[in-house]
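To start, the structure under review is shown below, and the notes come after it.
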Amino acid sequence: MNQTTIEGWPMLDVEDATPFPAVTDYKAVANKIMPELDHEIEDFNYNTWHITNWCYLERRLTGPEFEVGNCKWRILLFPFGNNVKDTVSIYLDFVDPKGAPAGWHSCVQFAFALWNPEDPTQYIYHFAHHRFTAEEPDWGFTRFYDLLKLLTSCDNRTRALIENNSTNITVFVRVLKDPTGGLWHNFINYDSKKETQYVGLKNQGATSYMNSLLQSLYFTTYFRKAVYQIPTEDDEPIKIVSLALQRVFYQLQTSNTPVDTTELINSFGWDSLDSFVQHDVQEFNRVLLDFLEGKMKGTKADGAITKLFVGKMRSYIKCINVDYESSRVEDYYDIQLNVKGCKTLRDSFKNYIQEETLKGANKYQAEGYGLQDAKKGVIFESFPSVLHLQLKRFAYDIQNDEMVKINDRHAFPMEIDLEEFLSEDADRSSPHKYLLHGVLVHRGDLHGGDYIALLRPEKDGKWFRFYDERITPVVDKEVFEDNYGVEYPNANAIKSGINQKWFTNAYMLVYIRESNVNEILSPVVPEDIPKHLQIYFEQERVLEEQRKIEMEGRRLYFIVKIVTAEKFKAHKGFDLANFDDRHYPLSKIYTYKILKSETYGVFKDKISRTFNIPSEQVRFWVFVNRQNRTIRPDAPIPEAYNNTSMEEIHARMTSRQNEMKLYMEVADKPVNSKEWFPAVPEANRIIVFLKYFDPDKQALEGLGHLYIRKFDKVGDITRILCEKKGFPPDTPLRIYEEIKPNMTEEMKLKSTFQQSEMQDGDIICFQRIQEHTMADRCYDIPNFYELLTLHIVVSFKPKLKDRDPKPEFDLVLNKKWIYNQIARAVATYLNTDPLKLRFTTAHSTTGTPKNVIKRTTTQTLSDMLQTAYLSPPTHVLFYEMLDISIVELETKKLIRVYWLGNTVKDEQVIDLRLPKNAIANDILGEILKNVIPSSPNPRIRLFAVHYNKIQKEYTGTEPIERIPEHVSLYAEETPQDEIHAEQNDRTIQVYHFTKDPIRVHGIPFKFVIKNGETLADTKVRLRHRLGMSEKDFSKVKIAIVHGTPYAKPEYLEDDDIILSEKKLSNEECLGLDHVDKTGRVGKVGGVEKAIFIRG
């Protein structure tokens, strides 16, 4: 029984502005009280249950059965409440859940009306909808209505609804069609592969944008084949993007479960933090295709990216009154189309090629003709086979001075003919009719959200929604209408009161040319897949099968750990051994995996043979966890258990432990003619364990076990203890009991063991009484045990492991040690100078380096350590081996300067250590010792960069202590064109961005705008300054970026522009719009880091 309350669903009473019909006008009432859900109705029915003797009804009862949608239903009623008092509970109940076919479900909209049998205008109602299944066969309202209110006339009703102990309940039921099978699905135990034949991709944090694009590219099968053709036989997937992508594609083809993208992300050169940064899907598409195009060069896949995705467009300026035109043809990989002001995709294309008239103050400077009125525009020369269209849903709002998401309605078709947008000279030999293949949807706002891919993998196939791991079939409405956006988003928000933060609409469209669709979507056959991939994953499959077998086997086995007298002798800590407390060194004890069904007799024989000891001379004691958090032998396994399984013994004797821990007692001689061991339990006999403390060695030694009699005195065993250590019989001893790690008590020699409250498994520790004079040592057992409690195992890891491989190691240290003591211990292990070590704490959650520990700190080791909550938990410190003394390091300031060569991309990193009272000129002096300048007396410029823009140029007198930590310092020789600038030349800052001026990257620089120079000549100088090839520079767009925050950049597209005539202000910069390929990225406010792929 799954009786569920629907408190969150809309519930309405009869109060309404429009008159309600009587309940007996059943169809009219159903249409009035049940809202339109925009799903096709398969069947409709209603049923009225007349109820009498209400006060005498049972706690739970069901009404008459009725049929709708080929299923039988009934009303389930709790007249006095279902686990709630004085409230009527009503549910719609599917009659036969046990007899329903496997996977049965029915999507139902329903409403209940409870009404007065004598007056059908007096009623209340509630409505809901639900996906009924065999697991959830009933649904409705636990708090349908207050019972007392039903028994009286209230809430503007003239009569009670339960009158004369009787009432009517009518249920209205609409069964809705579910063409995809996913309507209102809760997706518990949902299997995408089983339901759709496709599998999803795991989200690694915020990678839905990547998953959506990868699915789109995967189903562009021509592209998938091209990726398969990149040679990768000898590559490593975590280092090589091509191989990692091949593996993702292959697993999408063959796996039955969602595919992990961790290898692919690692191959990009991303760290775990990058996986939690949301990126723009179109930007990721550009970066990925650009990277793969480079990897395909010289292979069988060479040219595939161009064939699939590259078209050509022509930018032109044509004079109106004279015969002059300037134009340039460029490649494009995608088209960015306006949404604002465009109701349809065709409107957006028209807007894209719309001409702009240059006149008045904006007249065009035509070579040989002077200033002229002109038409400026772009026209398409060709469209690619696969067309990626980005809908510009993010734009600058001038009125509010901020970036916003545009959620306006923008319709796109299933088919579109683009021939009308081609130039007159374009090749029209093939049709330009395109079919929609995919819609990448953004769900969210300016500051975040996620992506969903709606794809049609086959030309005439069905549409599917790809949302990370889950794939579901969808209908056309979910592809088109649901993702157009809203007609008047702001007005609707005001009218409905709905929070407008989250909106779902199309962001990127993928169209395929109809004449090429069979080639672009041609099936991938085994011959298309690299053999090494098939071999590798077949081996993986075999290994996985083996792992499953092993996992199954683990259910049949469990672990047994055995402590012997030999292992006890070597143990230097508390108890007889340290099994799992990682504060202290773990004991190296014998560990066995045994069948749970194995009998004790068989187990004992096996272990005896392993140690070459007769089985009858071996007895095993079971360790138990005591309440004082020690672990001690408690009782031997009885010989009567010889035929009992080890699993049963474990359950009886150590049920609270996952594994069995045993002490192996070995008898040297029999206690009598029949027995090798004393009987246990025995009223007068106790087994205790012995430890000796050696003050000279500052160490404990385990000396095995000893049987004692309860009523013997403690002093009676001194001769035995002396014999164990080879001391003279009358050597004076101090004897203690080890009660728990922070508690030892000296035993009174004249007391009996019973008076000392000794029991099986207790530990006796003793030492000689003698004089000691050496400092820094513990000379009695209590002090030594206190010292042991301060011991801790610290894992030391190299901080710069990738750059300078060094060993990882563990040391047992004292929690109260200070910096110098720790450094000496580590230096001894590494055989280095302790003053050339520096330590860094570990982050408690990630285990990564956190804060550098200063040598002058007063912190103890305990203060420095933060437990890293890893598996298993550890105490970690990171170390660095320095080239200079840490004393010098902490009295000087580290200055890192990036020296720029002849081009901006030529970088040399110079690390300087200067006295903290040095000035900026001292930095310049040190730089000149590390570089070879172009002249004997060079002019060196030092400037600070923050968020990829120049913040300050230093004069030389500034104290280095005032240089902020968050800026990057750059130095360069002042360029010759700046040194020799003429009077009307001016210097301006140039910086890099991608698509939006606030998405900055790269190294900014100063640049001279020469008076009277055309943009074409300026570009040549810019290209040389950047050190870029002509091909790469052709992808760079140049813009004037105004000083106002979020100002729209003014792109410069005419090579004949005279930049010096623009009269730029001091706040304005030149912006270079291009994709960042360096991985060094800026971030402003909430704007995400620019994406990169290092490979």
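The values are calculated or read from the model by the stated rules, or taken from the named source; none is laboratory data. Because the structure is predicted, anything quoted here is derived from the model rather than measured. Reconstructed Cβ throughout: ideal geometry from the backbone, glycine too, with neighbour counts over all protein chains shown. Note: accessible area is taken over every heavy atom of the protein model, side chains too, but ligands, DNA and RNA are not part of it. Shrake-Rupley method; radii C 1.70, N 1.55, O 1.52, S 1.80 Å.
Where in the stretch 639-657 does the label zone of LEU556 land, with the point 7 angstrom along Cα→C-beta and an amide N cut-off under 18 Å? Counting backbone N atoms under 18 Å from the label point, the list is 645-648. The solvent-accessible area of THR848, taken with every protein chain present and a 1.4 Å probe, is close to 70 Å². The residues of the chain expose on average 50 square angstrom of accessible surface per residue, using a 1.4 Å probe on protein heavy atoms.
Tally Lys and Arg at +1 and Asp and Glu at -1 over the other residues with C-beta under 11 Å from the C-beta of LYS72: what net charge comes out?
Working: positive: ARG74; negative: GLU65, GLU67, ASP93, ASP96.
Taking every other residue near LYS72 into account, the sum is -3.
Once R0 is set to 25 Å, what does the formula 1/(1 + (r/R0)^6) return for the Cβ-Cβ distance between SER1029 and SER382, expressed as a FRET efficiency to the nearest 0.05? In this case the efficiency is close to 0.55. Considering only TYR507, TYR557, GLN539, and ranking their Cα positions along the charge dipole of the stretch 503-559 that arises from unit charges at the beta-carbon of Lys, Arg, Asp and Glu, the one farthest toward the positive end is TYR557. Taking a point 7 Å out from the Cα of THR158 in the direction of its Cβ, the residues of the stretch 85-124 whose backbone N falls within less than 13 Å of it are 119-123. Each other residue within a Cβ distance under 15 Å of VAL680 adds +1 if Lys or Arg and -1 if Asp or Glu, for a net charge of -2. Taken along its principal axes, the alpha carbon cloud of the stretch 795-834 reaches lengths of 32, 19, 14 Å, longest axis first.
Rounded, prolate or oblate, given the Cα gyration tensor of the chain, with a/c below 1.5 counting as rounded? Verdict is oblate for the chain. For the pair ARG328 and ARG896, a Förster radius of 51 Å applied to the C-beta separation gives a FRET efficiency near 0.80, rounded to the nearest 0.05.
For the chain, the share of accessible area belonging to carbon and sulfur comes to 47 percent (1.4 Å probe, ligands and nucleic acids excluded). Cross-link pairs exceeding 24 Å in C-alpha to C-alpha distance, out of LYS343/LYS363; LYS836/LYS892; LYS572/LYS713, comprise LYS343/LYS363; LYS572/LYS713.
Are there trypsin sites (Lys or Arg not before Pro) in the stretch 254-304 that DSSP marks as loop and that have at most 12 other Cβ atoms within 10 Å, and which are they?
Details: sites: ARG286, LYS295, LYS297, LYS300; in loops: LYS297, LYS300.
Passing sites in the stretch 254-304 are LYS297.
For ASP373 and GLU487, the difference between the fully extended length at 0.36 nm per residue and the C-alpha to C-alpha distance is 37.2 nm. The label point for THR24 and the one for GLN754, both projected 7 Å from the Cα toward the Cβ, are 9.6 nm apart.
Stretching GLU540 away from VAL887 to a fully extended chain increases their span by 119.6 nm, per 0.36 nm per residue minus the current alpha-carbon distance.
Loop-located GluC sites (Glu not before Pro) in the stretch 916-993 (DSSP state not H, G, I, E or B) with no more than 11 neighbouring Cβ atoms inside 10 Å: GLU965, GLU982. Is the stretch 718-869 best put as rounded, prolate or oblate by its Cα gyration tensor, with a ≥ b ≥ c the root eigenvalues, rounded for a/c under 1.5, and otherwise prolate when a/b is larger than b/c, oblate when not? Prolate.
Farthest toward the positive end of the dipole of the chain, out of LEU1064, PHE110, VAL990, is the Cα of VAL990, where the dipole comes from beta carbon charges about the Cα centre. Long hydrophobic helices in the chain, taken as whole DSSP H segments with a C-alpha length of 15 Å or more on their own axis and mean Kyte-Doolittle hydropathy at least -0.5: 208-219, 241-254, 281-296, 600-611, 819-830, 920-930. Over the chain, DSSP H runs of length four or greater, each weighted -39,500 (n - 2.57), average out per residue to a 222 nm ellipticity of -5500 deg cm²/dmol.
What you get for the chain, charging only the Cβ of Lys and Arg (+1) and of Asp and Glu (-1), is a dipole of about 3340 debye around the Cα centre. Distance from the C-alpha centroid of the stretch 905-946 to that of the stretch 149-209: 70 Å, rounded to the whole angstrom. What is the distance in Å between the Cα centres of the stretch 708-739 and the stretch 21-53? Cα centres, the stretch 708-739 to the stretch 21-53: 93 Å. The length gained by stretching the chain between ASP780 and LYS606 to full extension, at 0.36 nm per residue less their Cα-Cα distance, is 58.4 nm.
If the Kirkwood radius is taken over C-alpha pairs of the stretch 989-1050, then at 37 °C and 0.692 mPa s the Stokes-Einstein diffusion coefficient equals 256 µm²/s. Look at the alpha carbon pairs under 8 Å that are at least 6 residues apart: their mean separation over the length of the chain gives a relative contact order of 7 percent.
Each label point was placed 7 Å from the Cα along the Cα-to-Cβ direction; for LEU914 and ASP96 their separation is 9.0 nm. Expressed in units of 2.2 N^0.38 Å, where N is the residue count, the Cα radius of gyration of the stretch 925-986 is 1.28.
In the chain, the DSSP beta bridges split such that about 90 percent are antiparallel, to the nearest 5.
Nearest 0.05, what FRET efficiency do LEU790 and LYS850 give at R0 = 22 Å with Cβ-Cβ as r? The value I calculate is 0.40. Positive end of the dipole of the stretch 347-472 (Cβ unit charges, origin at the Cα centre): among LEU436, TYR364, PHE380, the Cα lying farthest that way belongs to LEU436.
Rounded if a/c is under 1.5, else prolate if a/b beats b/c, else oblate: with a ≥ b ≥ c from the C-alpha gyration tensor eigenvalues square-rooted, which is the stretch 268-366? Please list the in-between numbers first.
Details: a/c = 2.53, a/b = 1.74, b/c = 1.46.
Note, shape of the stretch 268-366 comes out prolate.
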